[in-house]
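For reference, the structure discussed in these notes is given below.
No lab work stands behind these numbers, since they all come straight from the coordinates. All of these numbers come straight from a predicted model, not from anything done at the bench. Cβ placement follows ideal geometry from the backbone for every residue including glycine, while neighbour counts extend to all protein chains displayed.
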Amino acid sequence: MNFTNKVIWITGASSGIGKALAIHLSTLNAKLILSARNEEKLEQVKQACEYSEAIKILPLDLEDYTNFNAKVIEAVNWCGRVDILINNGGISQRSLASKTSIEVDKRIMDINYLGTIALTKALLPYFIENKCGQFVVTTSIVGKIGTPLRSSYAASKHALHGFFDSLRAENHKNNIAVTLVCPGFVKTNVSINALTGDGTAQNKMDVATQNGIEPNRFAKIMAKAIYAKKEEVYIAGFKEKLGVYVKRFFPKLLSVMIRKLRVT
């Protein structure tokens with residue numbers, strides 16, 4: 001597996017999966033563009049990478065998706081192209097639908113869905129012109145299965161699957177690949193930063209998240225899926241993967257299972 005001279009743009013690169021992926025891809029000779037809101041944390045990730053001189057910091061807020069054309073121009077001008085965009089940025093949720101304000105629903109959709117597709121659409125013309133490129137999207141197992149306390153988050157991830165499945169079909173003729181990566185529980189700060197019903201952060205690590213896959217291990221598996229240009233991959237524990245297949249073949253059984261599932 002070799003990403004030599006590939007220009008890879010990662011959103012949500014300041015922590016968690018994005019940080020681990022940046023560090024791992026830097027050992028595989030990739031040229032990286034790292035984006036997130038926190039420029040200081042991005043600099044720390046850059047210094048942790050193997051070849052910091054082959055990395056560009058490009059601060060970006062997915063919630064402010066009105067200026068992405070300028071961001072894409074800056075990214076493309078750095079090396080003359082972008083080969084892979086890894087849409088990894090996002091935010092989670094820990095609240096009942098009945099207790100979640102519509103403002104929280106909107107914010108989650110703005111960040112996870114609209115921000116992601118706005119950046120994708122801004123870069124898409126360059127991929128079409130060059131007749132090559134790859135979009136990678138960090139969705140979730142809840143992009144396939146809705147679970148308690150994740151109604152808005154699950155909706156945003158389901159929406160990503162719908163959009164990118166369509167995009168893949170539309171641009172097959174343009175040699176543009178789409179890889180949907182569905183994590184289960186990964187040991188990151190995702191549950192700490194997750195929004196509660198009133199929009200404040202949960203500020204607590206879930207037990208399930210604490211016991212999840214280590215980010216470094218996850219990044220290595222994800223990199224292999226990207227390199228192989230897999231259309232969809234589940235990087236999760238046995239129970240999470242099982243849920244995907246039970247949903248497909250025995251949906252009523254899954255409904256019973258989901259009620260008893262520990263999701264925090």
- Query: Can you give the angle from 0 to 90° between the axis of helix 115-130 and the longest principal axis of the chain, with both taken from C-alpha atoms, to the nearest 10?
  - Reply: 40 degrees
- Note on the structure: Expected sort for Ile73, Ile33 with the fewest Cβ neighbours (10 Å cutoff) up front is Ile73, Ile33
- Item | Values of log10 I(q)/I(0), in the order q = 0.12, 0.16, 0.17 Å⁻¹, for the chain under a Debye, Cα-only, solvent-free model | -0.69, -1.25, -1.41
- Proxy exposure order for His158, His172, His24 (fewest C-beta within 10 Å first) is His172, His158, His24
- Quick one: how many lysine pairs in the stretch 66-137 have C-alpha atoms under 24 angstrom apart, if they're 8 or more apart or on different chains? 5
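Please compute one quarter of the surface area of the Cα convex hull for the stretch 80-221 and express it in square nanometres.
Numbers: hull surface 36.0 nm².
In nm², the orientation-averaged hull projection of the stretch 80-221 is 9.0.
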- Within straight-line cross-link reach of Lys187, lysines at Cα separation under 24 Å, skipping those fewer than 8 residues along the same chain: Lys19, Lys41, Lys46, Lys144, Lys157, Lys204, Lys220, Lys224, Lys230, Lys239, Lys241, Lys260
- Which one of Gly199, Gly18, Gly80 has the biggest mean-square fluctuation once the chain is modelled by GNM with Cα springs under 10 Å? Gly80
- Give the percent of DSSP beta bridges with both residues in the stretch 7-260 that are antiparallel, rounded to the nearest 5. 5 percent
- Query: Under 5 Å between amide H atoms, partner at least 5 residues away or on a different chain: which partners does Lys204 have, H built in plane at 1.01 Å?
  - Reply: Ile192
- Task: Give me the distance between the Cα centres of the stretch 219-264 and the stretch 26-47, rounded to whole Å.
- Result: 29 Å
- Task: Have a look at Tyr65, Tyr227, Tyr126 and tell me which one the Gaussian network model of the chain (Cα, springs below 10 Å) gives the largest fluctuation.
- Result: Tyr227
- Message: Connecting C-alpha atoms closer than 10 Å in a GNM of the chain, tell me which of Met205, Met222, Met109 has the biggest fluctuation.
- Response: Met205
- Amide H to amide H under 5 Å from Arg37: which residues, 5+ apart in sequence or cross-chain, H placed 1.01 Å off N in plane? Leu60
- Item | Filtered GluC sites (Glu not before Pro), the stretch 217-264: DSSP coil and at most 15 other beta carbons within 10 Å | Glu231
